[in-house]
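Structure record follows, encoded as structure tokens.
Derivation of every value follows stated rules applied to the coordinates shown; laboratory data play no part. Note that the coordinates shown come from a computational prediction; the quantities given were computed from them, not determined experimentally. FYI the Cβ positions are ideal-geometry reconstructions off the backbone, even for glycines, and counts take in every protein chain you see.
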Amino acid sequence: MEGMIHSIETFGTVDGPGVRYVVFVKGCPMRCKYCHNPDTWEMAGGTKMSTDEILEDYEKYKPFLKGGGLTVTGGEPLVQIDFLTELFEKAKEKGIHTCLDTSGIMFRRNVPEIYEKYVRLMKSTDLIMLDIKHIDPEEHIKLTSQPSENIFDFLKFLDEQEKEIWIRHVLVPEITLVPEYLERLGRFIAQFKHIKALDVLPYHDMGKEKYEKLGMDYVLKDVLPVEKEQAIEARNVILAAMKEERQRLENA
């Protein structure tokens, strides 16, 4: 089976444990204001590659990927779920650790044929890095142009499937870097037993140049990047709220 690929990184260090082979796929329904890969939104302009071609290429770099594995990101990998599933199933046959970096936006519990595809995919997925864009439903739509209900239901599904989950959250001044929203996020994720890590990522404006080259307006061009110290403080706020909520749930 072939998929539409944007690019491949052969020495990824921020896309899961260890050093990883990272496949960036094309296609995404989200329109996040801070997205630094807007060239992945549409399927056009990509390169068709088969699952076998990707895994053959992976083998070339295998000696350098100890402690790592294969990560698929994007774009939104779940736009190409059939391709993704075949790739992960073949990877697991080779003993490769598989990681999915996703927003979960494509999940549909109430559509049986779609739901079954997710159940099948989870059998060959070792780790899910789930991007929670915004905890507030209305603000989520403003930030991404998409509702958050399916994303939060996908997180519930992952927990039901007992999959290892890493939460990723981007801090944007006056959008997500707001104490109330950070605390709400902490209280929300406290209910899930299989969240193993929380990555709080400071907003940066390195995408400006790419938007200019693509002739696109970068709506956050006047927003200043978040400092590392701010990100550390924000993560502590989320973790404190998470700890407090878990204690409350245990005592209830």
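So here's what we get for this one:
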{"read-out": "Cα→Cβ-extended label distance, 7 Å offset, between residue 66 and residue 248, nm", "value": "4.7 nm"}
{"read-out": "Positive dipole terminus of the range 2-251, leading residue within 202, 21, 251 (C-beta point charges)", "value": "251"}
{"read-out": "Free-standing Cys, the chain [no other Cys Cβ under 4.7 Å]", "value": "28, 99"}
{"read-out": "Simple Cβ-charge dipole of the range 2-251, Lys/Arg +1 and Asp/Glu -1, about Cα centre, in debye nearest 20", "value": "380 debye"}
{"read-out": "Computed label-point distance, nm, for sites residue 212 and residue 110 using a 7 Å Cα→Cβ extension", "value": "4.6 nm"}
{"read-out": "Ranked list, fewest to most other Cβ atoms within 10 Å of each Cβ, for 174, 227", "value": "174, 227"}
{"read-out": "Order of 11, 88 under a 10 Å beta carbon neighbour criterion, fewest first", "value": "11, 88"}
{"read-out": "Contour minus Cα-Cα distance for residue 53 and residue 31 (0.36 nm per residue)", "value": "4.9 nm"}
{"read-out": "Per-residue Cβ neighbour rank within 10 angstrom, fewest leading, 70, 158, 220", "value": "220, 158, 70"}
{"read-out": "Extreme residue, positive dipole direction of the chain, given options 7, 231, 119 (C-beta unit charges)", "value": "119"}
{"read-out": "Computed label-point distance, nm, for sites residue 233 and residue 142 using a 7 Å Cα→Cβ extension", "value": "2.2 nm"}
{"read-out": "Helical contribution to [θ] at 222 nm, DSSP H n ≥ 4, -39,500 (n - 2.57), averaged over the chain, rounded to 500", "value": "-12000 deg cm²/dmol"}
